[in-house]
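Below is one structure, written out as structure tokens; the observations come after it.
The values are calculated or read from the model by the stated rules, or taken from the named source; none is laboratory data. The shown structure was predicted, so the numbers you read here are calculated from the model rather than taken from an experiment. Here the Cβ positions follow ideal geometry from the backbone for every residue, glycine too, while neighbour counts run over all protein chains shown. Each accessible area value is taken on the protein alone, full model and side chains, heavy atoms only, with ligands, DNA and RNA left out. Shrake-Rupley method; radii C 1.70, N 1.55, O 1.52, S 1.80 Å.
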Amino acid sequence: MAKSTSKSCRNQIMYSVFVRNYSPEGTFEGVRRDLGRIRDLGADIIWLMPIHPIGEVNRKGGLGSPYAIRDYRAVNPEYGALEDFQRLVDDIHKLGMRCVIDVVYNHTSPDSRLAREHPEWFYRKPDGSFGNRVGEWWDVIDLDYSQPGLWDYQIETLKYWASMVDGFRCDVAPLVPLDFWLRAREEVERVRPGCLWLAESVEPGAVREWRAQGMGALSDSELYQAFDICYDYDIYDVFQAYLEGRAPLERYAEAINAQETIYPENYVKLRFLENHDRARAAFLIPNHRVRHNWEAFLYFQKGMTLLYAGQEARDGHRPSLFDKDEVDWSDGLDYSETMRELAALKRNPLLTDSRYEVRALPRDILYATHRKGDRQLVGVFSLRGRDALVPADAPDGVYPNLALERAPVKVSEGMLSCRGFPIVFEAPWTGEGPG
């Protein structure tokens, strides 16, 4: 684990923005004018998906993927000039938030500046031509990290951007050597002390497959040596299997609990219901009551909360990465007020440093606790939206519901009544009972 990683990351919320599709004009200015609203949702960090020029050769769609980068040291002119980007970052800072940008270091576009100036830094197919090792990514060509000059160039690029921004979200980080990330972190720290490092870690199945193909794919445990935060993909397959009825809730609970033992004590997971590579929560979980429980659990989880732009509008359409495809803000649904309430929950100090455990109960109830000293935060989530009588390891009494302000929680004779909506409350903890 990155030893300097602060557990306070577990109390923070990251908001992800694809500049092209965030506003009608698709510019830095379109994001800048909405910063106050994003901050009011509770966002601590704004993650900007790749801001760089996009390659033209082998483009997917009409405008190309932002992950097929032509020049790491420039901004996409379709989004604005460098001065526009700096103005956006300055205003993010003025509002008390941090800015993280995407780093795509496994590959470039085929017509990238590096491919033209340093063709020796690229992976070659048996016939000597440029290529990539992940077949469906046919719009990019892979870099070759056996080349020392590439390391120097990439780290200098990181230091250049670190003079402006506060951290990096590193795309397919497992396919770039761990020693590179360790050195990059050390050198960037001199430019931006406290720089935040988020790894797009991948599903275990992808690690196994890539390793079988002879690729040096890093596990989450390896990535945590250099990164502060890893994705939640290590248990995403189980989450999806439960939603689809292919796995019991007990299996999902076991997967979450396992994270408490296989990762370092100060591990931070990026918890999400949706992101730009996955279906929207409103599509995956169409039932309003069920989705409300999952959304409350998202904030309750140990780790940083990720929101993808449009999630607050319950947008069920995942915008295309390859064309102009704006977020639909006009559906009339607005989850912003609930998000603000849950953001207040996210600040609870029991979420910073706790003994975290989840249990599957009958009727698809997930019972979760954060415990420290003589206090505990209890969460009851009805993941099929059902009513249930739930045993509660808390003294009898009436408690404010931190997930649903107008519905106080009554514990009587060690039981509470769940009406199908999420329950979160803080209570004394005596050290007795399960967990």
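Quick notes on this one:
- Residue within segment 250-271 that is assigned to a loop (DSSP other than H, G, I, E, B) and of a type in the set (Gly, Ala, Ser) present: no
- Candidates Arg375, Arg314, Arg318, Arg340, filtered to the one that is touching a residue at least 24 places away in the same chain (Cβ under 8 Å) and more than 21 Å from the chain's Cα centre (by Cα): Arg375
Table: residues versus (1) out of contact with any strand residue (DSSP E or B) (no Cβ under 6 Å at 6 or more places or on another chain); (2) farther than 17 Å from Phe322 by Cβ; (3) without any contact (Cβ under 8 Å) to a residue 60 or more places away in the chain.
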residue: Gly42; (1), (2), (3): no, yes, no
residue: Trp47; (1), (2), (3): no, yes, no
residue: Ile69; (1), (2), (3): no, no, yes
residue: Asp84; (1), (2), (3): yes, yes, yes
residue: Ile92; (1), (2), (3): no, yes, yes
residue: Arg124; (1), (2), (3): yes, yes, yes
residue: Gly135; (1), (2), (3): yes, yes, yes
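- Filter pass, Arg318 being among the charged types (D, E, K, R) and under 22 Å from Tyr242 (Cα atoms): yes
- Test result for Pro408, farther than 23 Å from Arg10 by Cβ, more than 29 Å from the chain's Cα centre (by Cα) and modelled with pLDDT of 95 or more: no
- Selection of strands (runs of 3 or more DSSP E) fully inside segment 287-389 by the criterion of at least 1 residues being touching a Gly at 6+ places or on another chain (Cβ under 8 Å) returns 355-361, 365-372, 375-382.
- Against the test of being in contact with an Asp or Glu (Cβ under 8 Å, 6 or more places away or on another chain), open to solvent by 20 Å² or more (accessible area, probe 1.4 Å) and under 28 Å from Tyr263 (Cα atoms), the options Lys3, Lys7, Lys60 yield a single qualifying residue, Lys7.
- Test: residue in segment 228-236 that is in contact with a helix residue (DSSP H, G or I) (Cβ under 7 Å, 6 or more places away or on another chain), surrounded by fewer than 17 Cβ atoms within 10 Å (Cβ to Cβ) and either at pLDDT below 95 or in a helix (DSSP H, G or I) (or both): no
- Any chance Asn293 is crowded, with 23+ Cβ neighbours inside 10 Å, more than 18 Å from the chain's Cα centre (by Cα) and in contact (Cβ under 8 Å) with a residue 40 or more places away in the chain: yes
- Considering (1) of a type outside the set (Gly, Ala, Ser); (2) under 21 Å from Ile285 (Cβ atoms); (3) in contact (Cβ under 8 Å) with a residue 60 or more places away in the chain, the lone condition that Tyr367 does not fulfil carries the number (3).
- Residue check for Gly420: of a type in the set (Gly, Ala, Ser), surrounded by 18 or more Cβ atoms within 10 Å (Cβ to Cβ), in contact (Cβ under 8 Å) with a residue 40 or more places away in the chain and closer than 15 Å to Phe297 by Cα: no
- Listed conditions (1) closer than 22 Å to Asn257 by Cα; (2) open to solvent by less than 20 Å² (accessible area, probe 1.4 Å) are all met by Arg363, apart from (2).
- Failed condition for Val104, given (1) of a type in the set (A, V, I, L, M); (2) within 22 Å of the chain's Cα centre (by Cα); (3) surrounded by fewer than 20 Cβ atoms within 10 Å (Cβ to Cβ): (3)
- Consider segment 423-435 and keep the residues that are open to solvent by 30 Å² or more (accessible area, probe 1.4 Å) and on the phi < 0 side of the Ramachandran plot. The one that is modelled with the lowest pLDDT is Pro434.
- So Tyr79, is it open to solvent by less than 30 Å² (accessible area, probe 1.4 Å), more than 23 Å from Ala43 (Cβ to Cβ) and either assigned to a strand (DSSP E or B) or at pLDDT 95 or above (or both): no
- When restricted to residues that are surrounded by 17 or more Cβ atoms within 10 Å (Cβ to Cβ), within 23 Å of Arg355 (Cα to Cα) and among the hydrophobic types (A, V, I, L, M, F, W, C), segment 384-417 contains 8.
- Of the residues making up segment 244-285, those that are among the β-branched types (Val, Ile, Thr) and in contact (Cβ under 8 Å) with a residue 60 or more places away in the chain are Ile256, Val268.
- The residue of segment 134-178 that is surrounded by the most Cβ atoms within 10 Å (Cβ to Cβ), among those that are part of a helix (DSSP H, G or I) and small (Gly, Ala, Ser), is Ala173.
- Among the residues making up segment 277-286, those that are surrounded by fewer than 18 Cβ atoms within 10 Å (Cβ to Cβ) and in a loop (DSSP other than H, G, I, E, B) are Asp277, Arg278, Ala279, Pro286.
- Residue in segment 179-194 that is under 18 Å from Asp71 (Cβ atoms) and open to solvent by 10 Å² or more (accessible area, probe 1.4 Å) present: no
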